[in-house]
Every structure is written in C-alpha cells, then in structure tokens.
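To start, the structure under review is shown below, and the notes come after it.
The values are calculated or read from the model by the stated rules, or taken from the named source; none is laboratory data. What you are looking at is a predicted structure, and each value in this text was computed from that prediction instead of being measured. Positions of Cβ are generated from backbone atoms using ideal geometry, with glycine treated the same way; all protein chains shown enter the neighbour counts. Quick note on the areas: whole protein, heavy atoms, side chains included, nothing else; ligands and nucleic acids left out. Shrake-Rupley method; radii C 1.70, N 1.55, O 1.52, S 1.80 Å.
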Amino acid sequence: PLQSARRPPRVFLYTLSAPFSDLDVGNTSLHQVFGKRVSFALHLGDAEVRDTSGYSLAAMLHYRLWHSRLRTYDPDEADIFFVPFLTGIKRQKELESKCRIIASALGNMTLSSALLPHLNERTAPRHFVVMSKEHIAAQHCKGWFSDPVPLLDEAVRISYTEVPPQSACRQAAVTTFNWGSPREMCTLSGSKYPHLFSVPFPSSIHASPGSGARAWDARTTRPIRSLFVGTTTHGDLRVRTQLGRECRAIGAPGCQMSGYAYGKGLELKQKADFCIEPAGDTPMRKSLADSISLGCIPLLFHPLTDEANGWLWAGWKERGRVLVPRDAFLSGKLSLATLLATAPPLLVRLLKETIAARARAFTISLTDDDGDVVDLLLRGVHTDAVRRLETRLELRTNHNRDFRESQTAEWEAHREVHRDHDFHTAAESDGPRYSADLVHARRYERVRLPRTAHVRPYR
C-alpha cells in the first residue's frame, strides 16, 4: 500500500499560458476552487463542508500544489512533474472546445523545446496530467490526454475512471450509461489512454491536516440502517429501479431514500450505517466519496465501480466496502432486505472501524495533508514512474549482459580460429606479432553501455 512512511515526492509545477491553461491559479481564491463553505447539522471536528463541484479535481490539485511545501522550482530536485493542462472547472462542451484548440496547437510545436522544456525520455514517466472527467469524456483531448504525442505518451494520466480488467468488463457488458457502455470504457484503452489511473469525484468534506476522524467516525450508533441518496431515473437504471422498489418496501429507518437537496443528503449519510451506491451516469458517482468521508459503509452494485480508485483503496478495500453481486440482485436471488438483515454484527463493526481509520484517503484537504487524495495521488504517480523506470533499467541491464556474453563468445571463437595461425606466424617471422586476443579485446573495450534511466529515490 502507498502509505506515508516516507516523505511525499517533490513536485515541479509547469506554468502554462492560454490556450493550454484556463486557470490563473495564482490569482484564484480557495473558495473559487473548493467551493463556498456551507453549514449543515454535521459533526465534523476540524473538517468542513463546502459546495464542491464534481468537476474540480484538477483545479484543487493545481491550487494545492501552487501553495504546497512540496513544490520545487528546481527541476533537478523534482521527483515528479505536473503539467496543468485545462485545470479550470468546466462542463463537457467547454472542455471539448478547448481540447480541440490544444490538439491543433500541439500538432504544430515541439514540446521539449517550447511548452515543456524539462520533458525528455528520462523524465517523461515522471510527468502527469489530470482530467476532471471520466476518461471516455476526453476523446477530443488529443495530444495530451488521449492519443498522446511522443514523450507525453509516457506520462501518467488521472481521471475519474480507468480501463478496467477484462473480468469486470465481461460482467458489465450489458449495462448502458449516459456516457456510453462498459464496452467503450474497456476498448478505449491501450495507446489511446496509456498509463491511466483513477481517483474519485471529490467529496464535499474537507479535513484539516492532523484533524480527528469525527466527520467519518462510524463507530457510534446510527439511526438509519441504509440510505439511498439519488434518483431512479438515470445511471444503471435496472439496478436503481429495483433498489427504489425494494427500499420503499422496507421503509425507514431500515431503508430511506432522499435527494441531495443541497446538503440534506450529507446530513443523512452521517446518520446511516450503509449508503447505497449504484452506478451513476458512468460507473462512478460523487456520492461514493461523500459517503466514505461521512463514515457510511458503501454498498456497491457494479464491478466497474469496485475496480476504480486503486491508489486510495490500497490495503483496505475488502474491509471498507460491500460489493453486492449485480446479477444476483437483479435476478432476485439476493434482496436488499436479506442483505441488511443478515449482515454479521462483527463484520459491520470491522467495516466501521476501518472507515474510521482510513476515510481520509477519500477526502481532499485544504492544505498539504498526509494520507488524503492529493498525497496518495502524488505517491501513486511517483511509485508508477519508479516502477517503469526500474523495469526499463532492468531491460537495458539484461540487454547489456546478453550483449557482453555474445561478444565474449565471439571473442573466444576467434581465439580458437587464430591460435594456430598466431603460433606459426610467430615461428616464421621475427616481426611484430598481433594476436587475435589483442585485436578482439580492443574491439570489446570499445563497447559502451547505453545511458540508463535515472531513478530518483525518496530522500
């Protein structure tokens, strides 16, 4: 797991201008990025609730790094490099328009010498870009996020979704979302979105560094057994429709339904043991991070939802959520009432204790905070870069070893061929003697190992 035993990586932050950047982060306030602070009847400790946009991940990351103690202005000191392409908060149509402009500009310039002077073969795996959308919504963002140009194709990509394993794709092949089917999510991959990882839609709960776990402390008794904040008219319609029908049949407090209602849903989440999280317009929804950050055990109903956010879940997912088999639920083999009634008390206690200890991983704090989304994201980028650079180094080392062995074998073969010739030449002539050993030794000494990748370890 990506834990905080060692220091976070140092980050070099590029300064871009239009059309590549649409956020003047130096003149942007915390409220513009994280949203206005709002007051609800929540027990938050040192945390606070803000009206946080679901499209604000890149903006919050950009703002945090601009003001961060982890920022370095010296590229030689940097462990990783953030390229803040289009980090402003925006909706889909504006994103597509701006991405088309960037795609045209990238096709007419040299990245290494103009836009990104520190991007080269050695540093490329340590660069990263962020999209405050699902990756399938970034098909028009060519050159940097999708279908990247050379060198940027080695950069890490982060969005709300990632390319799932084929096992999850097969299970989800029948689901249709507003943003397309899982088939699209599974096939728009490979070279189109290389090195893609996911973090969730940002929660509206924002902690302070070192603050207590009161906002997400689920160990207290809660009056609502299960809660569904959402509607049955979009997203995974089959699951949502059946959930609505079964939830109404159970009735409150066994199962309660609510709309978001500008914060009412958040208040109810902190009063519920289980939060029902069916897939949204895509397999992801903002409600998941809100539920965890308020100590509510998420009930997931889609394998693609469960496969995301690996950096944040690392080491505790099995003890921090319940994955309901979608097919069994839809077929009636497993009902919501049965699931809630038969949940072992010891298991529920373990789930609550785990969330109380680890929920910070699904929140974005207002400043540098060990263990929050930004911290784990930066560590994840650095870990992936080091892994790939070490793999590259190992491949080159193996290649060099094989090359040396082949050269040695050739040298020995020539020694055998020329041994008798050298002996007879020496016997018949008093002139200088040049043995095959010397000739091939000199040729071997001229072999130079290729330059290996530099891997900057944590200091």
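A few points about this structure:
- In this simple spin-label model, placing a label point 7 Å from the Cα along the Cα-to-Cβ direction at both S335 and A114 gives a separation of 6.6 nm.
- Additional length obtainable on full extension of the chain from N27 to E267, 0.36 nm per residue less Cα span: 83.1 nm
- With the Kirkwood sum run over all distinct C-alpha pairs, segment 203-294 has a hydrodynamic radius of 13.7 Å.
- Between the beta carbons of A18 and K317, assuming R0 = 25 Å, the FRET efficiency works out to 0.05 to the nearest 0.05.
- Here's how it looks for F81: its modeled amide H is under 5 Å from those of F12, H127, F128, which are all 5 or more places away or on a different chain.
- Segments 341-351, 249-259, 46-56, 357-367 sorted - mean Cβ within 10 Å per residue, highest first: 357-367, 46-56, 249-259, 341-351
- D (Stokes-Einstein, µm²/s), Kirkwood Cα radius, segment 300-394, 0.890 mPa s at 25 °C: 154
- Peptides 267-273, 386-392 ordered by packing proxy, namely the average of other Cβ atoms within 10 Å per residue, highest first: 267-273, 386-392.
- Reachable lysines from K317, criterion Cα separation under 19 angstrom, eight or more residues apart if same chain: K286, K352
- Paramagnetic label zone (point 7 Å from Cα along Cα-to-C-beta, R219; backbone N under 19 Å) in segment 323-351: 345-351
- Distance in nm between pseudo-label sites at A357 and D46 (7 Å out along the Cβ direction from Cα): 2.1
- Residue-wise HN-Hα couplings along segment 86-98, as the Karplus relation 6.51 cos²θ - 1.76 cosθ + 1.60 with θ = phi - 60° gives them from phi, are 6, 8, x, 6, 7, 9, 4, 4, 5, 4, 4, 4, 5 Hz; Gly and Pro carry x.
- W311, W66, reordered so the largest accessible area comes first (probe 1.4 Å): W66, W311
- Amide H within-cut-off set for G371, under 5 Å, with H built and near neighbours excluded: L376
- Heavy-atom accessible area with a 1.4 Å probe sorts D236, D153, largest first, into D153, D236.
- The label-point distance for R349 and R7, in a model that sets each label 7 Å from Cα toward Cβ, rounds to 4.2 nm.
- Under the Debye formula (equal points on every Cα, no solvent term), log10 I(q)/I(0) of segment 194-254 at q = 0.14, 0.30 Å⁻¹: -0.73, -1.19
- Sorting the Cα pairs of segment 1-142 by distance into bins of 10 Å, from 0 upward, gives 10, 35, 36, 16, 4, 0 percent per bin.
- A Förster radius of 35 Å, combined with the Cβ-Cβ distance separating D147 from R71, puts the computed FRET efficiency at roughly 0.70.
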